[in-house]
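The values are calculated or read from the model by the stated rules, or taken from the named source; none is laboratory data. Remember, predicted model here, so these are calculated numbers, not experimental data. A quick note on method: Cβ atoms are made from the backbone with ideal geometry, for glycine too, and the neighbour counts reach across all protein chains shown.
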Amino acid sequence: MRREAAQIAVTKILARKGPLIDGINYILNEEKTDALLTVHLNCDPGREVREMLDTKQAYGKKDGVQYYHVIQSFKPGEVTPELALEIAREFAEEHLPGFETVISVHVDKEHIHAHLIFNSVNADTGRKYHSNAQTYYRQLRAASDRLCREHGLSVIIEGDSSKAVSYIEWLRQSKGQPTFRSMLEADLRTAIEDANDLGHFFMLMEHMGWEISHGNRLGFRLRGQDRFMIPGRKNPLFTEDGILAAIQGNLSAIEAGRRPPSPYRAPYRPYKKHPKYTGFLALYVHYLYVLGKIEKQQYPPRMTPQLRKEVIRFERCREQFAFLRENGIATQEDITAFQARTEDTLANLMKQRTILNVRKKKRCALYDALADVEALAEARRLYDEGLSGMEAEATRYAEASALLDVCGVPRERLTAEKSELYRQLAELNRSIRVERKKLALCKEVMERVPNMKRSIENLETKEVSRDEHRRR
């Protein structure tokens with residue numbers, strides 16, 4: 001049976017240039033901790049600030065970072081305050097020898113967290129502590145994670161940022177056990193293969209126990225989980241466009257890399273001679289020409305921050321130009337009229353979606369019952385076989401089944417109705433996003449046009465200067 005994904009112990013370090021007393025007072029706040037949950041290393045209670053300042057004075061290092069603030073947060077219910085204090089003490093003794101350190105465990109929130117504040121100057125050597133990515137991952141984070149693992153706590157396994165997984169997930173993978181992400185991807189593929197359309201796909205995922213977040217990116221989570229997973233970030237197959245294309249019969253081709261995970265196909269357009277552009281279109285053509293000329297001169301290609309900014313601006317302007325040309329917008333009056341039509345269309349779509357959402361709300365209890373009956377059938381079977389720990393799931397299954405039996409609507413008809421409603425909502429959501437994007441492009445064009453002539457003059461001035469420099 002699927003369970004809630006494990007949260008993790010998190011360690012972070014903050015460099016502070018403010019007064020030492022502010023940091024010390026914060027972590028020793030009696031409303032957040034007590035004397036039994038505090039430890040002083042290499043300094044005396046009540047004199048820690050004075051002793052840290054004396055160390056800075058003695059070595060002549062009073063400027064810059066005054067202290068570092070390390071925070072270790074733990075999963076709720078996974079650690080006691082005393083264990084958190086012990087882990088923080090072991091960490092400081094191992095990683096911060098010679099540094100005057102104050103440790104405090106805060107218990108004012110659901111998740112227990114330890115705070116360590118240490119002087120930026122080492123009392124024994126006089127050297128200043130320097131925090132960067134290397135010291136964080138190879139020293140501070142590595143030491144903290146190792147101590148957490150030794151005490152049986154959850155941590156993060158670091159590696160390629162795009163492949164970083166929790167320790168629990170890594171451990172399951174190493175033992176060949178399913179992880180929440182692998183289960184999600186398996187269920188996504190199953191739903192794609194079984195679905196007739198996008199609405200049917202969403203219904204199938206819901207019936208497999210997943211809650212769905214509809215937005216710019218599709219998110220999925222099991223009931224009871226805190227956060228949505230967004231598989232489309234790593235695999236475009238699992239974006240809404242990718243899922244729609246795969247449902248239409250292209251799953252194997254997409255996974256083999258023979259076609260992109262998008263249903264979009266540019267419409268065929270017969271060859272036409274380039275027209276003589278006027279208004280906004282003429283201004284964009286000139287601007288794109290100047291930007292494109294600058295980009296071609298970057299040889300050998302060296303992606304400096306400035307060039308990256310110019311390339312992004314070039315691509316965005318090209319998108320805006322295509323939008324203006326496709327919709328026949330050349331003047332201020334054109335864009336105002338187009339904007340009004342788009343807002344009317346969007347308002348109509350929003351009204352239709354509201355009507356569907358009202359229908360969905362009226363049937364919400366029955367639709368949830370359908371999902372529970374499908375998702376909890378295995379839990380009910382295990383409960384009937386005598387397996388303990390499935391009482392809550394079995395009860396929920398029985399309640400959902402009883403509700404469906406007395407509702408007066410056959411399950412097959414209710415399932416078909418739900419699938420069709422979800423399909424209509426999916427299509428409306430896609431149409432609403434399209435209209436909103438049109439309005440966003442209108443707004444960008446309206447903001448860019450007044451400054452475009454000045455930008456063209458500046459770019460051409462730079463171009464003339466480069467030509468004169470090359471002639472010398």
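Residue pairs, Cβ under 8 Å, 6 or more apart or interchain, first in segment 337-350 and under 22 Å from GLN424 (Cβ atoms) and modelled with pLDDT under 95, second charged (D, E, K, R) and part of a helix (DSSP H, G or I). List them.
Between residues of segment 337-350 that are under 22 Å from GLN424 (Cβ atoms) and modelled with pLDDT under 95 and residues that are charged (D, E, K, R) and part of a helix (DSSP H, G or I), the close pairs are THR342/GLU435; THR342/LYS438; THR345/GLU435; LEU346/GLU435; LEU346/ARG436; LEU349/GLU435.
When residues of segment 113-122 are filtered for being in a loop (DSSP other than H, G, I, E, B) and either in contact with a Leu (Cβ under 9 Å, 6 or more places away or on another chain) or surrounded by fewer than 20 Cβ atoms within 10 Å (Cβ to Cβ) (or both), how many remain?
1
Residue under question is ALA379, and the condition is that it be under 31 Å from the mean Cα position of the chain (by Cα), surrounded by 13 or more Cβ atoms within 10 Å (Cβ to Cβ), of a type in the set (A, V, I, L, M) and closer than 27 Å to LEU421 by Cβ; does it hold?
Taking the combined requirement at face value, the residue does not satisfy it.
Of all residues being in a helix (DSSP H, G or I) and hydroxyl-bearing (Ser, Thr, Tyr) in segment 313-346, which is farthest from the chain's Cα centre (by Cα)? Just the residue, please.
Among them, the one singled out is THR336.
Quick one: how many residues across segment 400-432 are in a helix (DSSP H, G or I) and either without any contact (Cβ under 8 Å) to a residue 12 or more places away in the chain or not assigned by TED's automatic domain parsing to the domain that holds PHE321 (or both)?
Selection size over segment 400-432: 6.
Could you please let me know if ALA266 is modelled with pLDDT under 65 and in contact with a Lys or Arg (Cβ under 7 Å, 6 or more places away or on another chain)?
For ALA266, the condition - modelled with pLDDT under 65 and in contact with a Lys or Arg (Cβ under 7 Å, 6 or more places away or on another chain) - is not met.
Which of the residues belonging to segment 88-125 are modelled with pLDDT of 85 or more and aliphatic (A, V, I, L, M)?
Residues satisfying the conditions are ALA88, ALA92, LEU96, VAL102, ILE103, VAL105, ALA114, LEU116, ILE117, VAL121, ALA123.
If the Cβ limit is 7 Å and pairs must be 6+ apart or interchain, which residue in segment 188-201 that is without any contact (Cβ under 8 Å) to a residue 24 or more places away in the chain pairs with which residue that is crowded, with 21+ Cβ neighbours inside 10 Å?
ALA191/PHE201; ALA191/LEU204; ALA191/MET205; ASP194/LEU204
Does ASP44 satisfy the condition of being on the phi < 0 side of the Ramachandran plot and in a loop (DSSP other than H, G, I, E, B)?
The answer is yes for ASP44.
Whether any residue in segment 31-42 is basic (Lys, Arg) and within 22 Å of HIS111 (Cβ to Cβ) is what I want to check.
For segment 31-42, residues basic (Lys, Arg) and within 22 Å of HIS111 (Cβ to Cβ): present.
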